[in-house]
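The values are calculated or read from the model by the stated rules, or taken from the named source; none is laboratory data. From a predicted model like this one, the values you see are computed outputs, not experimental measurements. Cβ sites come from the backbone with ideal geometry, for glycine too, and all protein chains shown count toward neighbours.
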Amino acid sequence: MIEDIFKKTSLKNTKQRCTILSVIKDAKEPITAEEIFRQLIIEDCKINLSTVYRTLHTLTDKNVLIKIVRGDGTAAYELNDLSHNHYITCCICNRSVLIEDCPIEDMSEKISKDTGFKVTGHSLQLTGICSGCLEASRNKKK
């Protein structure tokens, strides 16, 4: 799968890019550059944080990755597998939860009809406070 990505995008297949893509592919939710770097340290990979950032930038530019900006302003990345996902992210602990259905699909169709545009993509960023952080806040007030 990862090799196919490089063929489709005409990017050079490097060990660093493969390793970074592998970490992103295995992540259960969008992952930040720092989280990727920490995982690479655990795996004893010798990649600099600056290399992680450069690679993420390149892969995002080539539409291999989707960049998601969290409520705290940090960027997280996931593979662009031509399906799209929406998440709600806790603005306290930054935990992200996948929203199962696309809440704006019907809206996109209406906008297409109203404007004559063919909607080719969209992004939706929701933030809130997760149940764990709400509970911790309630317990702190007691």
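Failed condition for SER112, given (1) touching an Asp or Glu at 6+ places or on another chain (Cβ under 7 Å); (2) small (Gly, Ala, Ser); (3) surrounded by fewer than 15 Cβ atoms within 10 Å (Cβ to Cβ), with all others met? Going through the list (1) touching an Asp or Glu at 6+ places or on another chain (Cβ under 7 Å); (2) small (Gly, Ala, Ser); (3) surrounded by fewer than 15 Cβ atoms within 10 Å (Cβ to Cβ), SER112 breaks only (1).
Take the conditions at pLDDT 85 or above, surrounded by 14 or more Cβ atoms within 10 Å (Cβ to Cβ) and more than 16 Å from ILE31 (Cα to Cα) and apply them to ILE66. Does it pass? The answer is no for ILE66.
Being at pLDDT 95 or above and within 13 Å of SER22 (Cβ to Cβ) is the filter here; which residues of segment 40-51 pass it? Within segment 40-51, just LEU40 meets the criteria. Selection within segment 56-86: residues that are part of a loop (DSSP other than H, G, I, E, B) and basic (Lys, Arg). The member of this set that is nearest to GLU105 (Cα to Cα) is ARG70.
For PHE117, the conditions (1) of a type in the set (A, V, I, L, M, F, W, C); (2) over 29 Å from MET1 (Cα atoms); (3) surrounded by 12 or more Cβ atoms within 10 Å (Cβ to Cβ) all hold with the exception of (3). Scanning segment 106-136 for residues that are free of Cβ contacts under 8 Å to residues at least 12 places away in the same chain and either among the hydroxyl-bearing types (Ser, Thr, Tyr) or under 21 Å from GLU29 (Cβ atoms) (or both) yields a total of 7. I'd like to check something: does segment 28-47 contain any residue that is under 30 Å from GLY132 (Cβ atoms), surrounded by fewer than 17 Cβ atoms within 10 Å (Cβ to Cβ) and not charged (D, E, K, R)? Yes, there is a match, as at least one residue in segment 28-47 is under 30 Å from GLY132 (Cβ atoms), surrounded by fewer than 17 Cβ atoms within 10 Å (Cβ to Cβ) and not charged (D, E, K, R).
Would you point out the residue of segment 77-99, among those that are touching a helix residue (DSSP H, G or I) at 6+ places or on another chain (Cβ under 8 Å) and among the aliphatic types (A, V, I, L, M), that is surrounded by the most Cβ atoms within 10 Å (Cβ to Cβ)? So, considering only residues that are touching a helix residue (DSSP H, G or I) at 6+ places or on another chain (Cβ under 8 Å) and among the aliphatic types (A, V, I, L, M), the one surrounded by the most Cβ atoms within 10 Å (Cβ to Cβ) is LEU79.
Restricting attention to segment 105-126, the residues being basic (Lys, Arg) and either assigned to a loop (DSSP other than H, G, I, E, B) or in contact with a Pro (Cβ under 9 Å, 6 or more places away or on another chain) (or both) number 1.
One residue stands out in segment 13-55 among those that are in a loop (DSSP other than H, G, I, E, B) and touching a helix residue (DSSP H, G or I) at 6+ places or on another chain (Cβ under 7 Å): the one that is farthest from THR89 (Cα to Cα), namely ASN13.
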